[in-house]
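Peer 1: Got a structure here, written out as C-alpha cells. Questions coming.
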Amino acid sequence: MVREFFPSQVQESDAATKLRIELLADVVREVGAERFTAAVKQALAVSRSRWDCSVSRIRECAGLKHTPPPSAAHDAWIWLTEFIRRHVRLSGEDGVRFEPYVYMVAPGTAAEIPVPTIPPPIERAVRSLGGWSALLQSDPAYWTARMRDFCAVYVDQGSPRMDSMELSR
C-alpha cells in the first residue's frame, strides 16, 4: 500500500519500503490515526505530485517538524562572524589587525571588550579558507557559500569553549 500511495521515482528495495512503513507507523503512534490521515491528505494536497509526498512532509503536516540542533561547526561560524564584526579590521596591503571592541554604555561612557583568544580549530579553518583578509574581502553575496566551506573544513578537536567572547552586545 505504501508503494501505491507514496511511490518513489527510483526502484526501492524491500528494506527501504519497510523503513518507510516504520517511519510512518511512528507518526501514527505519535499523533493518532485520525490526525495522521489528515496529515497525509494535507501532504498530498500541498505536494506537486505523489512523488513529492515524503515521510518528512507528512511529519511536518502532522505538526512534528524536527529541527536538528546546530552543529559545533555552525556554532563556531556564529562565533567567527561575531569576532570578525567586532575585532577584525583591514590594515593596508591586504593585512588585518585585531582590535578591542569599544561600545557606548551611557552618554560619554564607553566600555571595551578585549580581543578574545581564537580557538585553534577556528584558526585552522580560517587559514584553510585563505586567511582573515580573504574572509573580510569576500563578496557578501557569497557569504553563505563561505559558511558552507567553513563548516566543511572545521574540525572540532576537544570542543574548545566558544563563550570566551560576550555575544550579547
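The values are calculated or read from the model by the stated rules, or taken from the named source; none is laboratory data. Quick caveat: nothing in here was measured; it's all calculated off a predicted structure. Because the Cβ atoms are built from the backbone with ideal geometry, glycine has one as well, and the counts that use them run over all protein chains shown. Heads up: the accessible areas ignore ligands, DNA and RNA and are worked out on the full protein's heavy atoms, side chains in. Shrake-Rupley method; radii C 1.70, N 1.55, O 1.52, S 1.80 Å.
Peer 1: Is there any pair linking a residue in the stretch 16-40 that is farther than 17 Å from E60 by Cβ to one that is in a helix (DSSP H, G or I) and open to solvent by less than 40 Å² (accessible area, probe 1.4 Å), with Cβ under 7 Å and at least six apart or on different chains, and which?
Peer 2: Partner pairs satisfying both residue conditions: T17/V2; I21/V2.
Peer 1: State yes or no: is F98 at pLDDT 90 or above and open to solvent by less than 70 Å² (accessible area, probe 1.4 Å)? Working first, answer last.
Peer 2: Values: at pLDDT 90 or above: yes; open to solvent by less than 70 Å² (accessible area, probe 1.4 Å): no.
No.
Peer 1: Now a separate question. Looking at the stretch 64-77, is at least one residue over 30 Å from V115 (Cα atoms), open to solvent by 40 Å² or more (accessible area, probe 1.4 Å) and at pLDDT 85 or above?
Peer 2: Within the stretch 64-77, the first condition is being over 30 Å from V115 (Cα atoms), and the residues that meet it are 64-68.
Filter once more, keeping what is open to solvent by 40 Å² or more (accessible area, probe 1.4 Å): 65-68.
Those still in the list that are at pLDDT 85 or above too: none.
For the stretch 64-77, residues over 30 Å from V115 (Cα atoms), open to solvent by 40 Å² or more (accessible area, probe 1.4 Å) and at pLDDT 85 or above: absent.
Peer 1: Return the residues of the stretch 24-48 that are surrounded by 14 or more Cβ atoms within 10 Å (Cβ to Cβ), of a type outside the set (D, E, K, R) and in a helix (DSSP H, G or I); say none if nothing qualifies. Steps first, answer last, please.
Peer 2: At the first step, the residues of the stretch 24-48 found to be surrounded by 14 or more Cβ atoms within 10 Å (Cβ to Cβ) are 24, 27-28, 31, 35-36, 38-40, 42-44, 47.
From what is left, the residues that are of a type outside the set (D, E, K, R) are 24, 27-28, 31, 36, 38-40, 42-44, 47.
Of everything in the stretch 24-48, those that are surrounded by 14 or more Cβ atoms within 10 Å (Cβ to Cβ), of a type outside the set (D, E, K, R) and in a helix (DSSP H, G or I) turn out to be L24, V27, V28, V31, F36, A38, A39, V40, Q42, A43, L44.
Peer 1: Only residues that are of a type in the set (D, E, K, R), under 19 Å from L136 (Cβ atoms) and part of a strand (DSSP E or B): list them for the stretch 78-114, please.
Peer 2: Initial filter on the stretch 78-114 (of a type in the set (D, E, K, R)): 82, 85-86, 89, 93-94, 97, 99, 112.
Now narrow it down to the ones that are under 19 Å from L136 (Cβ atoms): 82, 85-86, 89, 93-94, 97, 99.
The answer is R89, R97.
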